[in-house]
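Every read-out reported here was derived from the displayed coordinates using simple, explicitly stated rules and does not represent laboratory data. Bear in mind that the values here come from a model prediction, so they are computed numbers and not experimental data. Quick reminder, even Gly has a Cβ in these numbers, built from the backbone with ideal geometry, and neighbours come from all protein chains shown.
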């Protein structure tokens, strides 16, 4: 199993550009998550999904959009990139049964907006 | 308010010593507790999970849970320089399908 994969690893965007961060998992997990982590800071939840077709906002959803059309994929869309979105983005997934929710993380995408 | 609190550190321990990392949480109904290790520039890696009161050991790592005190800790025995990382505590809260709530992490430095 590849686990959780993310592409690209690095990206530089100009202000106002848009992009999609890709995330895929092959563990048949029903839950998937997007976090951002600013330098020296903790993880902040952007969006999450409890299954295909179901998404919900996390702590910092503004400026982002998500969709979940399959169990495996959970892309994150940035519209009109701003310098404040410079961060490292982590995707994670978990199985949910009996409130046991071990999350497994992808390697991250380092995004710079200039 | 769902809160997970950790001392940000840095916690410095000499090589071979026991490192003790602590975490408190706000929801008495929480049921699942996790410790993640995050090396600089890398993604968080799950190292321990604990669901019942008491101790759980895995190699040099021991997780301790006290639900009455809303407290979970991680002990690292025989600390090595390779253990130097940020350790994140994560907790499931009791309300519905909510994701894990992460603490901000404690930075551990093991001095050779």
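Suppose R0 equals 30 Å; then what is the FRET efficiency for residue B:58 and residue A:69 from their Cβ-Cβ distance, rounded to the nearest 0.05? Step by step, r from the Cβ atoms, then E = 0.20.
The mean sequence distance of close C-alpha pairs (under 8 Å, at least 6 residues apart), as a share of the length of segment B:1-63, puts its relative contact order at 23 percent.
Segment B:62-81 and segment A:1-47 have Cα centres spaced 29 Å apart. Pairs of Cα atoms nearer than 8 Å and 6+ residues apart set the relative contact order; for chain A it is 35 percent. Taking all Cα pairs closer than 8 Å and separated by 6 or more residues, the relative contact order of chain B comes to 38 percent. To check you understand DSSP bridge types, tell me what percent of the beta bridges within chain A (both residues inside) are antiparallel, rounded to 5. Rounded to the nearest five, the antiparallel share is 90 percent.
Over all pairs of different C-alpha atoms in segment B:1-111, the reciprocal of the mean inverse distance, the Kirkwood hydrodynamic radius, equals 14.0 Å. Once the C-beta distance of residue B:20 and residue A:22 is scaled by a Förster radius of 45 Å, the resulting FRET efficiency is 0.70 to the nearest 0.05.
Residues within the reach of a label modelled at residue A:77 (point 7 angstrom out along Cα to beta-carbon, backbone nitrogen below 12 Å), restricted to segment A:1-20, are A:18-20. Among the residues of A:103-111, the average count of other protein chain beta-carbon atoms within 10 Å of the residue beta-carbon is 3. Across peptide B:98-108, the average count of Cβ atoms from other chains found within 10 Å of a residue's Cβ is 5. Once the mean of 1/r is taken over each pair of separate Cα atoms and inverted, the protein assembly as shown shows a Kirkwood hydrodynamic radius of 18.1 Å.
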